[in-house]
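See below for the structure under consideration.
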Amino acid sequence: MSSPLRLGVAGLGTVGAALLKLLDRQANALAERTGRRIAVMAVSARDRSKVRDLDLARFEWFSDPVALAGSPEIDVFVELIGGADGVARAAVEAALQEGKAVVTANKALLAKHGLHLGKLAESKGAALGFEASVAGGIPIIKTLRESLAGNSISRVYGILNGTCNYILSRMETEQLSFAQCLAEAQRLGYAEADPSFDIGGYDTAHKLAILTALAFGTEIAPDSIAVEGIEQITLADISAAAELGYRIKLLGVAARTAAGIEQRVHPTMVPRSSAIAQVMGVTNAVTIDADAVQELTLVGPGAGGMATASSVVADIADIARGLHVPPFGLPMASLTPPRRAALQTHEGGYYIRLSVYDRPGAAAAIATRMAERTISLESIVQRRRPGEQKGASAVPVILITHATSEKLIGEALKDVLADGFIAEPPQVIRIERE
């Protein structure tokens, strides 16, 4: 058997602790599968005195992750610190400069600096693995980069944030408000104290940027993604979706179009009968549309210590086997700048919820504004809240449109707002039909 593959692990939080336990548990199996023993030689974390359910005495301790990254006693640097810049970036760069392989779960780092890090790894002949950066335990990176090499991919989309999916699932199943579900997600550790990165859609956008590069051979470009979060979703929207036969999910979508690559993150009404609608709680799902396999959907845990550690170990095992593929599936020089496509006409139409002042002619005026922008309406429904009397200052009105574009919807609603018929900003959600 070859000499051991020596690891240095920086970051001993949920994922880092799970990784050490998983490597211990699977030590013999990994040695048999890869032909090499995998040994953790050293670790680093912010607080050495923190109580952990780990025996750290057997590892050399580094207070500075950058020093660990440059240590001659390790072959692979495993970065589980997090953050797009600072010590995480410095340590990864230090390891790659030394020609050491790097494994990371850091989607923020890759979304911001993936092009630079990929070029650095390539110039030094070093492996850069990041299976754990997207969708936790789901092997989506290897699937796109290697397993579907014989396919031309037209679209990749999915549920990429467990926090948002948990909140939307609880809102529907227990009829709880957004605020109540967010508070519960924070209590359970699914959401941070500042949850804006998750619920605002930015976490999903970072992950989508990585998937887009792998699927379409483009440079990572998170700034090319149209992003909308779930903060404005209400129980009224959840209930309306159910009555219409849909569920609301936060989707990240990247699609190849004649105009370029369209990338977007937004709440979407999906048919309750669809596979992606069945994905509840913190679970993630990714669907790939390709010419040879047609449609492929991967579902699994999108977060959690052991699930994410499983993906980290997958990259470590590849390095132990001597497998070395370009980080984004192509030589870095072959990645092309993404040609950003404007959002296309949405064939599924839109759900629009308005709070309309109860005045004669209001609904007709709104319908006229839609017609002026060539927006065809499938239905207009006025919904009074339980116990609400006729003559209330404003009542909910729901519009369902046929296929149209986001641009036209925006223009029409701007006119409606200027007319003074609605009491608050409108709610707009895309609809995906069967």
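Just so it is clear, none of the values below were taken in a lab; they were calculated from the coordinates. Owing to the predicted nature of the structure, the values given are computational and were not obtained by experimental measurement. With ideal geometry, Cβ positions are generated from the backbone for all residues, glycine too; neighbour counts draw on all protein chains shown.
Taking only the Cα atoms of region 1-131, how large is their convex hull per residue, in Å³? Before the final figure, lay out each step's value.
Values: hull volume 13.7 nm³, N = 131.
Normalising the Cα hull of region 1-131 by residue number yields 105 Å³.
Mind checking the alpha-carbon convex hull of region 287-342 and giving the volume per residue in Å³?
Working: hull volume 9.6 nm³, N = 56.
Spread over its residues, the Cα hull of region 287-342 gives 171 Å³ apiece.
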Bin width 10 Å, origin at 0, all Cα-Cα pairs of the chain: what percent of pairs per bin? 4, 20, 28, 22, 13, 8, 4, 1, 0
Pairs of lysines in region 2-133 (C-alpha under 26 Å apart; 8 or more residues apart or interchain): 10
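Sort 121-128, 148-155 by packing, meaning the average of other beta carbons within 10 Å per residue, with the highest value first. Intermediate values should be presented prior to the final figure.
Details: 121-128: 18.5, 148-155: 15.0.
Per-residue mean Cβ counts within 10 Å order the peptides as 121-128, 148-155.
Taking a cut-off of 16 Å, what percent of all Cα-Cα pairs in region 350-431 are separated by more than that?
Details: 1532 of 3321 pairs.
Above the 16 Å cut-off, region 350-431 has 46 percent of its Cα pairs.
Would you kindly calculate the translational diffusion coefficient of region 247-337, applying Stokes-Einstein with the Kirkwood radius from alpha carbon pairs, for 4 °C and a viscosity of 1.567 mPa s, and quote it in µm² s⁻¹ without decimals? Don't jump to the answer; show the numbers that get you there.
Working: Rh = 16.3 Å.
Once the numbers are plugged in, D ends up at 79 µm²/s.
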Only Cα pairs within less than 10 Å get springs; with that Gaussian network setup on the chain, which residue of VAL15, VAL325, VAL397 has the largest fluctuation? VAL397
Using only the Cα atoms of region 140-301, what do you get for the radius of gyration and for Dmax, in Å? 15.7, 46
Based on the mean of other Cβ atoms within 10 Å per residue, sort peptides 189-197, 131-139 so the most packed one is first. 131-139, 189-197
Counting only other residues whose beta carbon sits under 14 Å from that of LEU330, what net charge do I get with K and R as +1, D and E as -1? -1
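I'd like to compare 240-249, 42-51, 108-117: which one has the highest average count of other Cβ atoms within 10 Å, and what's the full order after that?
In decreasing order of mean packing, 240-249, 42-51, 108-117 become 108-117, 240-249, 42-51.
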